[in-house]
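One structure is given here, and the rest of the page talks about it.
The values are calculated or read from the model by the stated rules, or taken from the named source; none is laboratory data. Remember, it's a predicted structure, so these values are computed and weren't measured experimentally. Note that we place each Cβ from the backbone using ideal geometry, even for glycine, and neighbour counts take in every protein chain shown.
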């Protein structure tokens, strides 16, 4: 009887473990939500993946390793969805982890990249990946999920958007941490650089609006010797049409985002700032003030305009994710993992 009891307890524990492992697939991942990349400690390889579920209104942490059995790697920097797959760009581990967005199970790992930063899907069979410490942009074959080539920019690259047969790629910083100040233009048919546009110092984020205007947020450089700028580029002519200079050199705006209508811009600058693409002046006050928090990254739900902001607290303990409605009203704050960072919306 004792042996039967032990076997019964073990079988219950086994079934319980299986259920806990399968629970993410069977419950919250079937609905809408937000993937959150947690950078972790830079040298510890402790990056992780979280998910905020709209259905349960809570965050689920450490999902990639729990489901796949190995850590996501050091400093996951960005994530984009393409059809059923999620592409997670892992900077310091020099790879892209590809997962099924509904199960989080690994599809493939693309290794051999050099400090990859951000990915842009050019079409159904090709993507570009920027590189923090390489002069080349990596070309990814999406049919096979392999590296198929390189585009020599002769500059390091950071943020990227693609529209109208062109990719616009920012040169944020160069060797010896010299501030970059260019946007490189690549013809996506020929994979060739066709233009370069001089902008402000350290163009760190970039979006495209409903009129195919390219917006570039230049934070002015870490030494604060130059003013930050928000620049609008005509994607047809590659010419600058708008140039808005921030009020003081001490301002260091980051993380430019745009809503799903392509009409409203958002960025972080002592809080969340909001402005229309038709505005001729920068917002003087925060739409959502930090109120004791330290805002790090920003995400805008492209369907309903919900606003998500991460707070790394002290960059050592687990940080939080703050959720606001479109009009700025606070909804909730929940604990993610160490240094919650970039976000990616899963909307069925």
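The table below lists the values:
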| read-out | value |
| --- | --- |
| Lone qualifier among 184, 264 - being under 21 Å from the mean Cα position of the chain (by Cα), at pLDDT 95 or above and more than 20 Å from residue 128 (Cβ to Cβ) | 264 |
| Sole residue being touching a strand residue (DSSP E or B) at 6+ places or on another chain (Cβ under 6 Å) and surrounded by 21 or more Cβ atoms within 10 Å (Cβ to Cβ), chosen from 233, 313 | 233 |
| Residue within the range 35-44 that is part of a loop (DSSP other than H, G, I, E, B), in contact with a strand residue (DSSP E or B) (Cβ under 9 Å, 6 or more places away or on another chain), surrounded by 12 or more Cβ atoms within 10 Å (Cβ to Cβ) and modelled with pLDDT of 95 or more present | yes |
| For residue 293: the one exception among (1) surrounded by 17 or more Cβ atoms within 10 Å (Cβ to Cβ); (2) under 25 Å from residue 231 (Cβ atoms) | (2) |
| Count of the range 133-154 residues which are surrounded by fewer than 22 Cβ atoms within 10 Å (Cβ to Cβ) and without any contact (Cβ under 8 Å) to a residue 40 or more places away in the chain | 12 |
| Among residues of the range 161-171, those that are without any contact (Cβ under 8 Å) to a residue 40 or more places away in the chain and touching a strand residue (DSSP E or B) at 6+ places or on another chain (Cβ under 6 Å), counted | 1 |
| Out of 158, 204, 241, sole residue that is on the phi < 0 side of the Ramachandran plot, at pLDDT 95 or above and surrounded by fewer than 17 Cβ atoms within 10 Å (Cβ to Cβ) | 241 |
| Selection status of residue 114, at pLDDT 95 or above, on the phi < 0 side of the Ramachandran plot, in a loop (DSSP other than H, G, I, E, B) and in contact with a strand residue (DSSP E or B) (Cβ under 7 Å, 6 or more places away or on another chain) | yes |
| Boolean, residue 97 is in contact with a strand residue (DSSP E or B) (Cβ under 9 Å, 6 or more places away or on another chain), at pLDDT 95 or above and in a loop (DSSP other than H, G, I, E, B) | no |
| Boolean, residue 55 is surrounded by fewer than 17 Cβ atoms within 10 Å (Cβ to Cβ) and under 18 Å from the mean Cα position of the chain (by Cα) | no |
| Condition met for residue 346 (touching a residue at least 40 places away in the same chain (Cβ under 8 Å) and in contact with a helix residue (DSSP H, G or I) (Cβ under 9 Å, 6 or more places away or on another chain)) | yes |
| Set 20, 92, 77: member being crowded, with 16+ Cβ neighbours inside 10 Å and modelled with pLDDT under 95 | 92 |
| The range 296-320: number of residues that are in a strand (DSSP E or B), more than 18 Å from residue 33 (Cα to Cα) and more than 16 Å from the chain's Cα centre (by Cα) | 2 |
| Number of the exception - residue 190 against (1) surrounded by fewer than 17 Cβ atoms within 10 Å (Cβ to Cβ); (2) more than 26 Å from residue 306 (Cβ to Cβ); (3) touching a residue at least 24 places away in the same chain (Cβ under 8 Å) | (3) |
| Tally of residues being free of Cβ contacts under 8 Å to residues at least 60 places away in the same chain and over 17 Å from the mean Cα position of the chain (by Cα) across the range 75-109 | 8 |
